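First up is the structure itself, then whatever we jot down about it.
Coordinate-derived values only; no laboratory data. Keep in mind it's a predicted model, so treat the numbers as computed, not measured. Every residue, glycine among them, receives a Cβ derived from its backbone with ideal geometry; neighbour counts consider all protein chains shown.
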Ligand SMILES: [Fe+2]
Ligand SMILES: [Fe+2]
């Protein structure tokens, strides 16, 4: 495991431990972007740290692409498959370390490491757009043909934006303060037929 991977791991651990529950205002901000009952179950069934990670990633995308609702939804929902493993911060770190050491995963760890596929399969069943499903499935791998390079870069930047650097409180306080998600009526992008 590289030093940068270790820093990433520790930063993510700090994120999970220190994340605040979404406020009622933030819950109302997210709600219009959850279009199907299964999506709502998936998002709100996550631990608070994953809910906040999804919201922060979605805000990051919205800051650069405010009209790209499916892109914002992809950022919001991409890690929802993690909830199946029910692993806390220590278990998650252990899962990553075991994988780095080449040890065979336990069923829970396998579920955690496979969270992209698990979430994508659920989103496909829910009726989510191909972009949302594809990003969720591939976000820890290579860009699939169905996602344009510029869209992929924005989503990857959003996923990593809050994990860079040492996990000190000072660093956390220097994170960019992103604006709230733009209002969404749930239909505009679908009507336009944009990806
Ligand atoms: Fe992930
Ligand atoms: Fe993520």
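General observations
- Subtracting the Cα-Cα distance of residue 142 and residue 10 from 0.36 nm times their residue separation leaves 45.1 nm of extension gain.
- Per-pair calculated FRET efficiency, R0 = 22 Å: residue 94 and residue 18 via Cβ, rounded to 0.05: 0.70
- Taking every Cα-Cα distance in the chain and sorting them into 5 Å bins from zero, the calculated P(r) comes out as 1, 8, 16, 21, 22, 17, 10, 4, 1, 0 percent.
- Each Cα pair under 8 Å and six or more residues apart adds its separation to the average, and for the chain the resulting relative contact order is 30 percent.
- Virtual spin-label span in nm between residue 114 and residue 86, 7 Å along Cα→Cβ: 1.8 nm
- In a fully extended conformation the segment linking residue 153 and residue 27 would gain 42.7 nm over its present Cα-Cα distance, using 0.36 nm per residue.
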